[in-house]
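Since the structure comes first, as structure tokens, the remarks are kept for the end.
The values are calculated or read from the model by the stated rules, or taken from the named source; none is laboratory data. In this text, all values refer to a predicted model and were calculated from it rather than measured experimentally. Heads up, the Cβs are rebuilt from the backbone with ideal geometry, glycines too, and the neighbour counts pull from every protein chain shown. We work out accessible area using only protein heavy atoms, side chains counted, and drop any ligands, DNA or RNA first. Shrake-Rupley method; radii C 1.70, N 1.55, O 1.52, S 1.80 Å.
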Amino acid sequence: RPNRSRLIRRSARGIRSRGIRYGWTCAPIRPNERGIAHRWNETLADSPTDTQYFASFDGTRIAWRELGAGRPVVLIHGYFSNTEVNWLKYGHAAAVAARGFRVIMPDLRGHGASDRPHDPVAYPPDALMRDGLALIAHLGLTDYDLGGYSLGGRTTMRMLVNGARPGRVVLAGM
């Protein structure tokens with residue numbers, strides 16, 4: 001019979017290296033009645049949705065993903081990043097969703113799965129802010145929270161100045 005503590009430690013490493021990257025959330029790592037450690041627990045609300053798209057204010061296709069169920073919170077990623085790197089890969093979105101939130105994560109224009117127009121005309125002043133407001137309108141959100149990291153923090157601030165009215169705001173990495 002294998003050493004139970006060794007089995008549990010090995011399972012914990014497996015969760016960290018494989019679980020979060022593929023949208024799994026961690027379950028408590030306790031041996032069941034047969035001494036087998038459970039590695040993960042997946043439900044529909046714990047898995048990120050497939051990438052979805054909408055046409056923004058100027059027709060540019062903006063991508064977003066969701067995770068969890070509950071009060072909506074829109075999280076905007078940083079410069080040279082995307083939803084996968086800032087929110088999914090390291091488990092930040094899963095941690096927020098586990099606390100009862102519907103995490104909505106757009107890819108900014110020119111980032112991730114969103115359109116990347118090469119024409120400078122496609123990047124007017126406050127385009128990212130207008131994309132964020134367009135996503136909120138597209139989803140019909142009226143009672144939501146808003147957060148951003150780095151460029152997402154700047155975008156969040158511009159959204160606030162231009163009419164976004166979230167219940168709570170997080171500005172990080174600015």
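Checking the condition surrounded by fewer than 19 Cβ atoms within 10 Å (Cβ to Cβ), closer than 21 Å to residue 52 by Cβ and acidic (Asp, Glu), which residue from 126, 107, 131, 115 passes?
Just a single option satisfies the conditions, and that option is 115.
Would you mind stating whether residue 128 is touching a Ser or Thr at 6+ places or on another chain (Cβ under 6 Å) and not in a loop (DSSP other than H, G, I, E, B)?
The answer is yes for residue 128.
Regarding residue 157, is this residue part of a loop (DSSP other than H, G, I, E, B), aliphatic (A, V, I, L, M) and surrounded by fewer than 23 Cβ atoms within 10 Å (Cβ to Cβ)? Show your work before the answer.
Working: part of a loop (DSSP other than H, G, I, E, B): no; aliphatic (A, V, I, L, M): yes; surrounded by fewer than 23 Cβ atoms within 10 Å (Cβ to Cβ): yes.
For residue 157, the condition - part of a loop (DSSP other than H, G, I, E, B), aliphatic (A, V, I, L, M) and surrounded by fewer than 23 Cβ atoms within 10 Å (Cβ to Cβ) - is not met.
Let me spell it out: the conditions are (1) exposed (fewer than 13 other Cβ atoms within 10 Å of the Cβ); (2) at pLDDT below 50, and residue 23 meets all of them except one. Which number is the exception?
Result: residue 23 passes all but (1).
State which residue pairs qualify: first residue in contact (Cβ under 8 Å) with a residue 12 or more places away in the chain and inside region 87-102, second residue assigned to a helix (DSSP H, G or I) and among the small types (Gly, Ala, Ser) in any location, beta carbons under 8 Å apart, and separation of 6 or more residues or different chains.
Partner pairs satisfying both residue conditions: 87/93; 88/94; 97/45.
Does residue 96 fit the bill of being open to solvent by less than 10 Å² (accessible area, probe 1.4 Å) and not charged (D, E, K, R)?
No, not satisfied.
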